Amino acid sequence: MTHDHDLVLRPTAAQTEAALNPPPGRTGGDLVVESLAALGATTVFGLPGQHALAVFDALRRSDLRYIGLRVENNAGFAADAYGRVTGEAAPLLLSTGPGALTSLAALQEARAASAPVLAICSQVPTAGLGGGRHGHLHELPDQAASFRGVVKSVHTARTQSQIPSAIAEAWTSALTVPHGPVWVEIPQDVLLAETSIPVVSGGDTFPEELPPRPELTAVAADLLTRAERPAIVAGGGVVRADAAKKLRQLAELIQAPVVTTYGGKGAFPWTHPLSLQSWLEDRHTTDFLEDADVLLVVGSGLGELSSNYHTFAPRGRVIQIEADLGKLESNHPALGIHADARLALQALLETVGERTDPAAPDRVRQVLDRVGARIAAQDLTLEQDVLAAVRKALPPRAPSFWDMTVLAYWAWSAFDAKAPNTMHSAQGAGGLGYAFPAALGAAAADPTHPVLAVSGDGGALYSVAELATARQYGLNVTWLIVDDGGYGILREYMTDVFGTPTPTVTDLPGPDFVALAESFGVPGVRTSPETLETDLAKALAAPGPSVVVLPAVLRMFAPTHAE
């Protein structure tokens, strides 16, 4: 009797010949590159270093496209965006010690946002491993320890024969829900040594799916069917699982209003009669969600930004669908369903009963009217006009990437993403410098749409070196820099808490960003709130990179979590 698991794919005659007679001159670096190609990678990001040069040398013997950035952290942000846009594992090639450590902030963001990044880093020679102080260049007592608390998994290949399996295992980990960054280390001597190992050809990996437990979805379906005032919070897990259509079907079936988290932008149509949009930093929205007798939370951990800074206190029954086990019921007791959002929503669609609630759209409109009235009372016309100009200038399917800056905080609540997986920000970990290098990664993934990056002048200074990258590869990214002469949001925070900012801390006498862009060979234009829509649309329509600078001091709307 033959079992499926006993079947073995036999090599063809050509594969056998290639295995027995591999081409000469290959090294451990070739095994890395061949493994990536066999797994389906087409594009890699990175920055070379002495210990990793064998990998970069092998790239010229492969068909992989290399996008080289100027700072390792920016390379990590670019890989993060590539993974978010494509859903594929994005290879990130790094070198030992300082180069590796410089990528930590980007990998933290990838972990928080569940972006599949496959970081492959060199190590000191094998003889230097084990924690001794041998004095090797870039030596750390335990390099992997610096990443173990940041990435999903850590993998080490100490011999050449371990390289293909270690990379395949890491690839599977990165693409198993919840997606995330993974770390692979290979010593320099293993990468440099010539190899007689056959060319890597087998690369199939099968990330495990995460279906819901049927007894839990049966209870959830019953609760939703019998609910009087159901509501839904849709997080980034809905977007990552490509489950927006299923979410809409469920919301319409049970007539449940939907609010999307900042990471879940685009998961539900902005103008839908059941859409509460994304006004989570507002007591009117929070109060509405607290009043729900059954609250379905899909793909969100209800963290700080998704719970109005942990002031949200649901009074009804909470159902939480979450792929990250660490987030399940971490903030609120719930019927916790550990599952991929798409599979769980499908299970609910198959079991939930239809509800009728003709008053639901009216309740949604009342909440949005209250939110609008609160904003209107704060004299924030400039901020709303600027955000509206960006939305009008940006084509509907074009992705946008937002740094930690005042205009981005407005966008979290007030920007219509138009479609799932088109609006991304660094709100997962909250580090500066994300927008522009991330936009470069997205442009490398899909050159058919222009890509927008939005930064303040403080965040832009983290990324100016990547103007050279944008120019070198002709990436179709328009970079909007809102220049308020400092860290604008920190000015507001310090004023709110201490009564006044510290100018030497929050003020930034910066460069002329237009002249700086032009010095890299990138077109730049200085705009105004009145001409922003026209100037931005023109820049987005032109091929290649461009910079649009808006000198403006924007203010945030008043918070409600302290009320």
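When Thr286, Thr381 are compared by accessible area at a 1.4 angstrom probe, the order from most to least is Thr381, Thr286.
Expressed as an acute angle from 0 to 90° and rounded to the nearest 10, what is the orientation of the C-alpha long axis of helix 435-445 relative to the principal long axis of the chain? With rounding to tens, the tilt is 60 degrees.
Give me the Debye-computed log₁₀ of I(q)/I(0) at q = 0.18, 0.20, 0.22 Å⁻¹ for the stretch 422-542, equal point scatterers on Cα only, no solvent, two decimals. Normalising to I(0) and taking log10 leaves -1.01, -1.19, -1.36. DSSP bridge analysis restricted to the chain gives an antiparallel fraction near 5%, rounded to the nearest 5. The residues neighbouring His272, those whose beta-carbon lies less than 13 Å from its own, together hold a net charge of +2 under the Lys/Arg +1, Asp/Glu -1 convention.
Working from Cα positions, state the angle (0 to 90°, nearest 10) between the long axis of helix 360-376 and the longest principal axis of the chain. Between the helix axis and the principal axis of the chain, the angle is about 90 degrees. Here the stretch 500-548 has an Rg and Dmax of 14.2, 44 Å, counting Cα atoms alone. For the stretch 176-212 versus the stretch 45-103, the spacing of their alpha-carbon centroids is 15 Å. The Rg/Rh ratio of the stretch 381-456, with Rg taken over Cα atoms and Rh as the Kirkwood radius over Cα pairs, comes to 0.94.
Between Glu530 and Glu208, the simple spin-label model (points 7 angstrom out along Cα→Cβ) gives 6.3 nm. Pairs exceeding a 23 Å alpha-carbon distance, out of Lys418/Lys538; Lys245/Lys538; Lys152/Lys245: Lys245/Lys538; Lys152/Lys245. For Trp270, the solvent-accessible surface computed with a 1.4 Å probe is close to 40 Å², ligands and nucleic acids excluded. With the Kirkwood sum run over all distinct C-alpha pairs, the chain has a hydrodynamic radius of 25.0 Å. Each Lys or Arg adds one and each Asp or Glu takes one away; over the other residues whose Cβ falls under 11 Å from the Cβ of Arg526, this sums to -3. Between 0 and 90 degrees, the angle of helix 341-351 with respect to the longest Cα principal axis of the chain falls at about 60 degrees. Please label the shape of the stretch 260-359 as rounded, prolate or oblate, based on the square roots a ≥ b ≥ c of the eigenvalues of the alpha-carbon gyration tensor (a/c under 1.5 means rounded; beyond that, a/b larger than b/c means prolate, else oblate). Taking the square roots of the gyration eigenvalues as a ≥ b ≥ c, the stretch 260-359 is rounded. With a Förster radius of 35 Å applied to the beta-carbon distance between Lys392 and His310, the computed FRET efficiency rounds to 0.50.
Using the Kirkwood radius built from alpha carbon pairs, what does the Stokes-Einstein equation give as D for the stretch 192-304 at 20 °C and 1.002 mPa s, in µm² per second? Roughly 132 µm²/s, to the nearest whole number. Short to long, the 5 Å bins of the Cα pair-distance histogram for the stretch 332-386 hold 4, 13, 11, 11, 12, 15, 11, 12, 9, 1 percent of all pairs. Using the Cβ of Pro501 as centre and a radius below 13 Å, the other residues enclosed give a net charge of -3, where K and R count +1 and D and E count -1.
The values are calculated or read from the model by the stated rules, or taken from the named source; none is laboratory data. Just so you know, these numbers come straight off a predicted model, no measurement behind them. Note that each Cβ is placed from the backbone with ideal geometry, even for glycine, and that neighbours are counted across all protein chains shown. Keep in mind that these areas ignore ligands, DNA and RNA; they rest on the heavy atoms of the full protein, side chains included. Shrake-Rupley method; radii C 1.70, N 1.55, O 1.52, S 1.80 Å.
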